[in-house]
Amino acid sequence: MKDTLSTLWRAFGMYRWHVVVLAVFGFLSAILEGIGINAVIPLISFFTGGANTSTDFISQTIQALFAFLHIPFSFRYLLGFILALFIARSVAVIAFGYIRGWIVADFLGKETEDLLGRMMRASWPYMLSQKLGTMHNNLVRDIQCTSNLLSVATQAIQSWSGFLMYLLVAVNISPVMTLYAVGGGGALLFVVRPLLERMRRLGDTVSLTEKQFSQFLSEHIIGMKSVKASGAVEPALAEGASQIRRLRALSIRQTLTRALSTSFFQPASLALVIALFLLTYRSPDFNIIAFAAALYLIQKIFTYLESGQNALVSVNEMLPYAENVANVKRVLAENRESAKAAAKPFRFESSLAFERVCFAYNSSEPTLEDMSFSIERGQTVGLVGPSGAGKTSIADIILRLFRPAQGRVLLDGVDAEDIPLADWRKHIGYVSQDVFLFNGTIEENIRFYRPELSREEIVAAAKQANIYDFIMGLPEGFKTITGDRGVMLSGGQRQRIALARALAGNPSLLILDEATSALDHESEKLIHESIRALHGRITVLIIAHRPSTVAEADAILVLHHGRIIERGTPQELLQNHESYFSKMQRV
């Protein structure tokens, strides 16, 4: 119970005063209805022997209130009083519902925004280790269920406050009958208590299984082309069906457990009513009106008891989702992409240099060893070497997605860590082999969340990337939809749009990471023309396998096993027939 309250407090502590207001309205609505029901006793007494026969505290208080306000205690005015009570109760119920709806909607929006922000600001090494389906599930399913948890928690407040208020009114009418009812309700809660723990365990299992299935969906939707091409559709469907059947079985078990935990309340309340009637109807002070009112209140007590039990079951069912969101937020905070206090501006007037940089991924084998080189401003530098040589690692370190284990990256002699990260990345353009385009217009993909860019700047970038004529030949021009991941375009067209996106930001340094390795000759030629036109104006780092891609570079660095084994101009390296670059040219 302590852990449950702790989880609820961490998740919803910011709404504590809203919850207090909800509790007030919950108590108010219940007490207004309870008093209204109690007032029926003197109302009916007008037809059974007079209005002054009621001796319970609430009826006497109502009569005293009428006397204090100098209102005749008559059937007409008492009926109006009861009607006013129920109208006021309706207002309290509406206020309760509105506040609860506002809290849930506000929580859902803020929590989704917060978690999305934490994910986007998390360090790249951490994000590489995460599963796409799990992250999507955290953002959508977990937060949705956590907001539902808030809803059922407020429902529990309303149910248990209603239970307490009806209990007090019932005690006022008939303490003995209420005592029997409370005893029966307490025994019933004790019987169903183990089902709450079972619901909690089921909730943990369902949460984990949903994440596994979400990961399965993400992987197979993204890789559907490979699944089809490999003839693996039926085995993949069989695996998916297996996970769906497991989710279905867990859902059935949850439904059964929830039904078992609440199904005993109605028959128990009926049995209690019969028992109470048999025990009290022969009593000399038996009053059928008070008995009927007490029975109604006891029935309401059991209704709220059932509702409260339902809320507790739902809380235990959804608590694992809230705990998972809290854990994910904690881990993301621990792995936030951060930099030391930085105050120096980005200025690239001379050179970008690696000074004895060493780097390794999560293994003992280094990816880069004692790496030292410099790129002069305005140069076009080629970075070549076999797969696994460390070329992309150099690009990632320049982008500050990773930090060197040793050594420094210097910009005009200033440590990169002393320059604000956002300012650093704003001045670097990056085009990878795997182009990311979202399902929007070509203009939106070039603009890429930079509202300050004018239409003229976007057009100029498209011309620089040799994609302008193609765009203008489309019926919708820049308003053409690219499709999900750019599926409506060819590989070369996607690459040139990505190049236009990078150039639109007017970068000081442009990194092309295998950007032309999978393109046809015509597309590669167009991109090379774009790069040639940038020479001397923008510093360009080209990562490539093919020597033709870097044939016009000012300097070439050849990597092997994380070390620079050759460096020089293309002409110098080609003259050395034993060089790696020369051998690549002859292949």
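The values are calculated or read from the model by the stated rules, or taken from the named source; none is laboratory data. Fair warning: this is a prediction, and the values are worked out from it, not measured in the lab. No Cβ is skipped: glycine too gets one built from the backbone with ideal geometry, and neighbour counts run over all protein chains shown.
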Picking from F96, F75, F81, F66, which residue would you name as being surrounded by 14 or more Cβ atoms within 10 Å (Cβ to Cβ) and touching a residue at least 60 places away in the same chain (Cβ under 8 Å)? F96
Would you confirm whether any residue within region 215-223 is modelled with pLDDT of 80 or more, loosely packed, with under 13 Cβ neighbours inside 10 Å and of a type in the set (V, I, T)? no
Unmet requirement for S129, which otherwise passes all of (1) at pLDDT 75 or above; (2) touching a helix residue (DSSP H, G or I) at 6+ places or on another chain (Cβ under 7 Å); (3) among the hydroxyl-bearing types (S, T, Y); (4) more than 29 Å from L22 (Cα to Cα): (2)
If we scan region 435-450, do we find a residue that is closer than 30 Å to R567 by Cα and surrounded by fewer than 16 Cβ atoms within 10 Å (Cβ to Cβ)? no
Y321, sole failed condition from (1) among the hydroxyl-bearing types (S, T, Y); (2) over 27 Å from the mean Cα position of the chain (by Cα); (3) outside the structural domain of L541 (by TED's automatic domain parsing): (2)
Quick check on D412: is it in contact (Cβ under 8 Å) with a residue 24 or more places away in the chain, under 21 Å from L509 (Cβ atoms) and not assigned by TED's automatic domain parsing to the domain that holds W124? yes
Within region 472-501, the residues that are touching a Ser or Thr at 6+ places or on another chain (Cβ under 7 Å) and either among the aliphatic types (A, V, I, L, M) or at positive phi (or both) are L474, I481, M488, L489, L499
Select, from L559, L453, L526, L489, the only residue that is surrounded by 15 or more Cβ atoms within 10 Å (Cβ to Cβ), of a type outside the set (D, E) and within 25 Å of A416 (Cβ to Cβ). L559
Working only within region 549-584, note down all residues that are more than 11 Å from V381 (Cα to Cα), touching a residue at least 24 places away in the same chain (Cβ under 8 Å) and not β-branched (V, I, T). L559, H560, H561, G562, R563, Y580, F581, M584
Pairs, first in the same structural domain as Q495 (by TED's automatic domain parsing) in region 423-436, second crowded, with 21+ Cβ neighbours inside 10 Å and basic (K, R), C-beta under 6 Å, six or more apart: V435/R494
Looking at (1) closer than 14 Å to Y430 by Cβ; (2) crowded, with 23+ Cβ neighbours inside 10 Å, which one does D513 not meet, given that it meets all the others? (2)
Qualifying positions in region 123-171 - more than 14 Å from the chain's Cα centre (by Cα), under 30 Å from R403 (Cβ atoms) and aliphatic (A, V, I, L, M): M127, L128
